[in-house]
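The values are calculated or read from the model by the stated rules, or taken from the named source; none is laboratory data. What you see is a predicted model, and the numbers here were worked out from it, not measured in a lab. Positions of Cβ are backbone-derived with ideal geometry, glycine not excepted, and every protein chain shown enters the neighbour counts. Ligands, DNA and RNA are excluded from the accessible area calculation, which covers all protein heavy atoms including side chains. Shrake-Rupley method; radii C 1.70, N 1.55, O 1.52, S 1.80 Å.
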Amino acid sequence: QLQLVESGGGLVQPGGSLRLSCAASGFTLNYYRIGWFRQAPGKEREGVSCISSSGGSTNYADSVKGRFTISRDNAKNTVYLQMNSLKPEDTAVYYCAARYTVQDLCVIIPFSYDYWGQGTQVTVSS
């Protein structure tokens, strides 16, 4: 059984930080590109960031570039999204997704991913 589980979400004040985790079970992430996506109330799902299978390539949405950092620790079978300087507009359900690939590339397009987690709520509010 292939499963991705997000954790680390919660309530944080503007300017604060959170680190989201995406833990894989049933498979190893070594050969998978990983994407982070989010969906705010009344909005379409948007790509946030992605990291290639080797970790050599990353991409970020313009809205989070400079504030968010994606990383992976294959030994822990986990991908992280460090979120700093959080803004109220970052409030959303955050999802991680994975796709097997031998290409050291990634894109933050939902159709490019096969496996999805259940999501974790991030709320940025005073």
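Tabulated results
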read-out: Mean Cα-pair separation over length for the chain, i.e. relative contact order, pairs under 8 Å, 6 or more apart, %; value: 37 percent
read-out: Exposure rank, largest accessible area first [TRP36, TRP116; 1.4 Å]; value: TRP116, TRP36
read-out: Calculated FRET efficiency for the pair SER126/THR58, C-beta based, R₀ 35 Å, to 0.05; value: 0.70
read-out: Förster-model FRET efficiency, 30 Å R0, VAL5 and ASN84, C-beta, rounded to 0.05; value: 0.85
read-out: Simple spin-label estimate for GLU46 and VAL107 in nanometres, 7 Å along Cα-Cβ; value: 1.9 nm
read-out: Percent accessible area from carbon and sulfur atoms, the chain, protein chains only, probe 1.4 Å; value: 47 percent
read-out: Residue-count net charge about PHE27 - beta-carbon cut-off 15 Å; Lys, Arg +1, Asp, Glu -1; value: +3
read-out: Gaussian network model of the chain, Cα within-10 Å springs - most flexible of GLY26, GLY15, GLY55; value: GLY26
read-out: Under 5 Å, built H, 5+ apart or other chain: amide partners of LEU86; value: GLY15, GLY16
read-out: Gaussian network model of the chain, springs between alpha carbon atoms under 10 Å - residue of SER63, SER49, SER85 with greatest fluctuation; value: SER63
read-out: Accessible surface, the chain, averaged per residue in Å² (probe 1.4 Å); value: 51 Å²
read-out: Choice from ALA40, ALA75, ALA92 showing the highest fluctuation, given a GNM over the chain with Cα pairs closer than 10 Å; value: ALA75
